[in-house]
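Reading through the structure tokens given below for one structure.
The values are calculated or read from the model by the stated rules, or taken from the named source; none is laboratory data. Values in this document were obtained by computation on a predicted structure and should not be read as measured data. Here the Cβ positions follow ideal geometry from the backbone for every residue, glycine too, while neighbour counts run over all protein chains shown.
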Amino acid sequence: MYTTLQGDCKEVLKTLEDNSVDAIVTDPPYGLEFMGEEWDAPWKKSEVVEVTDKSTNGIFYDKGFNHGIRFSRGLQEMQEFQKWCESWAKEAFRVLKPGGHFLAFGGSRTYHRLAAGIEDAGFEIRDQIMWVYGSGFPKSMNIALSMSKKGIDSKEWEGWGTALKPAHEPIVMARKPIDGTVVDNVIKFRTGGINIDASRVPGEPVPINKLEDWSGFGQKIEPDYVQEINNSGRFPANLIHDSSAEVIELFPNSKAGKPSDVRGTGGIWSEGDGIPVGPQYGDSGSAARFFYSPKANKKDKSEGLDSKNIHPTVKPTELMRYLVKMITPVGGTVLDPFMGSGSTGKAAVLDGFNFIGIEQSQEYLEIAKKRIEWAEQNKS
């Protein structure tokens with residue numbers, strides 16, 4: 001079952017009941033204003049903002065794509081962005097069940113404000129997942145060219161710019177505080193853990209700790225657990241990549257090894273430092289194989305549509321499916337307060353989860369509805 005709602009998420013979220021959703025996966029505005037869209041600076045009341053902080057020399061920044069992303073952002077604007085993040089995250093906190101996880105994509109330059117806003121809303125920051133890709137496009141001003149246009153000798157500054165090529169997006173992993181212990185919370189709300197088994201990276205057999213009904217959710221519930229060999233893949237990491245040639249080249253090759261013991265680290269998953277916990281067989285190739293990589297699908301963005309998907313920041317459905325399955329219990333409800341063109345909803349419906357999506361733009365809302373309905377008709 002899925003529901004799509006139109007409006008400002010801060011207002012629409014108020015209509016949802018307390019503790020009514022199991023997980024939140026969303027891609028909110030990054031606060032970069034690089035597309036000249038109002039939704040990318042929703043905390044502003046006007047198109048031009050006067051930055052009064054002295055460290056910025058009182059510069060006026062106009063809205064839109066001006067020589068690339070606006071890198072000269074002032075402290076005042078960043079503080080306002082953080083306050084705005086906190087304001088909608090507070091409503092998200094209220095509707096999420098205790099122990100529910102919250103995943104939010106962020107921009108590399110504004111992520112810290114997003115994470116702080118989410119934390120200030122009451123969430124625990126549990127981790128940061130890094131999505132690494134090779135398809136980023138550099139949005140950098142050519143300083144020498146700009147100087148030349150002003151009639152200034154620019155030879156000294158040839159080759160200088162203002163930005164690096166984007167190659168990653170950080171994802172905040174947060175959790176609403178649990179009620180009692182993790183086990184208490186899982187029993188009462190069915191939330192609080194991460195579905196490790198659903199998030200494994202295909203590879204050679206690795207040892208796991210098998211726990212009855214909640215075996216995949218990353219907690220040693222009782223001391224009398226059973227160790228088994230899991231053939232479904234490696235333990236998931238906090239890094240995801242797109243398998244592009246540029247990214248694969250970043251990882252060294254690792255040779256196959258002999259059958260060996262996997263030794264504990266002294267953490268929650270081991271019997272103690274240096275104690276063997278089970279056999280593991282080495283394989284070889286790029287070390288990129290240790291990390292999950294969603295399969296690319298050229299048709300993905302526009303499946304279910306009569307024309308091309310015009311949303312500028314569509315996330316791959318396979319990536320969103322991976323994230324949704326990681327934090328949502330079977331039969332659970334996923335919320336996306338910044339639905340965009342519906343990638344989270346499409347992912348949730350394809351895997352049998354319930355979904356609630358909120359989108360401010362009528363145009364994007366209609367695209368999302370069609371993509372999610374396509375998923376409803378094509379789910380396995």
*If you go through region 102-157, how many residues are assigned to a helix (DSSP H, G or I), over 30 Å from Ile248 (Cα atoms) and of a type in the set (Gly, Ala, Ser)?*
5
*asked:* Checking the structure you have, find out if any residue of region 275-294 is β-branched (Val, Ile, Thr) and either at pLDDT 85 or above or farther than 30 Å from Leu365 by Cβ (or both).
replied: yes
*Restrict the check to region 333-353 and report whether at least one residue is surrounded by fewer than 24 Cβ atoms within 10 Å (Cβ to Cβ) and touching a Cys at 6+ places or on another chain (Cβ under 8 Å).*
yes
*Give region 1-29 a look and list any residue that's under 22 Å from the mean Cα position of the chain (by Cα), among the charged types (D, E, K, R) and part of a loop (DSSP other than H, G, I, E, B), or say none.*
Asp8, Asp27
